[in-house]
Amino acid sequence: MLQPGVRAMLLCAGYGTRLGALSDERPKPMLPVCDLPILRYGIANLVGHGICDLVINVHHRGDVIERELGDGARFGARIQYSHEETILGTGGGLKHALALLDPDGKDEPFLSLNGKLIFDVDLGALVRAHAAAGDVLGMMVVRRVPDAVAWGAVDVREDARGLRVDNVLGDGQHMFCGVHVTRPSVVARLPDGEACMIRQGYLPWLRAGERVAAWEHGAGYFAEHSTPARYLESNQALLAGTALRFPPGGVVGIDPTARIAADATIIEPVRIGPGAIIGPGATIGPDAVIGAGAVILPNAHVARAVVWAGARAAGELVQAIVPASGIPVPAN
């Protein structure tokens, strides 16, 4: 458990344009994965590590986030919101929220996490590593991937002080995972208005000879949800039994309040949420998520697909996502 007072900010203001119609209905961090919003996974991991003072920045469909999460008390968190009239970016958003992240002016380190992630990262180990790194601008969480350049490669080197970031957005074998530890005084150096923490922050500071530490994430689940295909893959990975350190709730199985017709066929793994209705002759699964209160009409076939809470679905639905509007979105 971490010391009291450690704060975290979840970045949630973006539009999610690559998700198309899905992000018109819900902001990307609130897309349901196994019938729980993505953001709930991040909050559960933070609270599980003893980090309960959270700030969430909002812009696109921020009303959905605030309405469904509220003050965070039912999740064991204390949530405050930073409202952005215009999107300020990964650095500008942090700077805009400094009064919430550093209310006492003590310049204590805080965590910044991308709200679109389900990331089983050991946040306790990360904070301890940052403290041990000494005088650094921040510590970026990185992971080795075969297609690092496509993700904006991070060049990681090791010296007597440990792992450090040598360059970003060039060559390298690692990707930045969207999680880092820094201090308010570092964020305050960013230009006012819209700013990227990498392009206007760490990268020019690195080139000026300052140090940014790296923390390599090895084992453990990592998923970001910027496209329908990645979003669907994440649902399927959790249905398959991927372990999370601090899950926000049950992600597999049939809720006892679901109503399933006697002649319906269920092929596991599935998640069928509270109050869902599965009509006569329907076939659900494998790899199907039926959200709370969703209705699957008679003789429908839902496999490798996600039906959102309250949606109605009919016919053949394979490799697809059905949002609340009921209009399927292909995930290929």
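Any read-out appearing in this document is the output of simple, stated calculations on the displayed coordinates, not a laboratory observation. For clarity, every value in this text was computed on a predicted model and none was experimentally measured. Quick reminder, even Gly has a Cβ in these numbers, built from the backbone with ideal geometry, and neighbours come from all protein chains shown.
Modelled label positions at Ala150 and Ala188, each set 7 Å beyond Cα in the direction of Cβ, lie 4.2 nm from each other. A value for Cα extents along the principal axes in Å was derived from the coordinates, and within the list (i) 67, 40, 36; (ii) 66, 53, 39; (iii) 55, 46, 38 it appears as (i). Computed from Cα positions, the angle between helix 38-48 and the longest principal axis of the chain comes to roughly 60 degrees.
Working from label points 7 Å from Cα in the Cα-to-Cβ sense, the Glu85 to Glu268 distance is 5.5 nm.
Dividing the summed helix terms, -39500 (n - 2.57) for each DSSP H run of n ≥ 4, by the number of residues in the chain produces a 222 nm estimate of -5000 deg cm²/dmol to the nearest 500. Taking a sphere under 9 Å around the Cβ of Ala213 and counting the other residues whose Cβ falls inside, with K and R at +1 and D and E at -1, yields a net charge of +3.
Output the peptides 15-22, 251-258, 275-282 sorted from most to least packed, where packing is the average of other Cβ atoms within 10 Å over each peptide's residues.
So the order, starting with the most tightly packed, is 275-282, 15-22, 251-258.
Using 0.36 nm per residue and subtracting the Cα-Cα separation, the extra length available between Thr257 and Ser226 on full extension is 8.0 nm. Taking 0.36 nm per residue of separation and subtracting the Cα-Cα distance, full extension of the segment from Ala243 to Trp205 would add 9.9 nm. Each Lys or Arg adds one and each Asp or Glu takes one away; over the other residues whose Cβ falls under 14 Å from the Cβ of Pro103, this sums to -2. Between the helical axis of 228-239 and the longest alpha-carbon principal axis of the chain there is an angle of about 80 degrees. At an R0 of 25 angstrom, the distance between the Cβ atoms of Thr17 and Leu169 translates into a FRET efficiency of 0.75. Taking 8 Å as the Cα distance limit and 6 or more residues as the minimum spacing, I'd like the relative contact order of the stretch 151-283 as a percentage. With pairs under 8 Å counted, the relative contact order is 15 percent.
Using a 10 Å cut-off on Cβ atoms, rank the peptides 121-129, 64-72 from the highest mean neighbour count down. Walk me through the numbers on the way to the answer.
Details: 121-129: 18.1, 64-72: 15.9.
The most tightly packed comes first, giving 121-129, 64-72.
Remark: relative contact order (the chain) = 16 percent; criterion is Cα-Cα distance under 8 angstrom and separation of 6 or more residues.
Label separation (Ala160 vs Arg74): 5.5 nm, computed from points 7 Å beyond Cα along the C-beta direction. Given the C-alpha centroids of the stretch 253-294 and the stretch 167-183, what is the distance between them in whole angstrom? The stretch 253-294 and the stretch 167-183 have Cα centres spaced 41 Å from each other. Positive contributions from Lys and Arg (+1) and negative ones from Asp and Glu (-1), summed over other residues with Cβ under 10 Å from the Cβ of Leu232, come out at 0.
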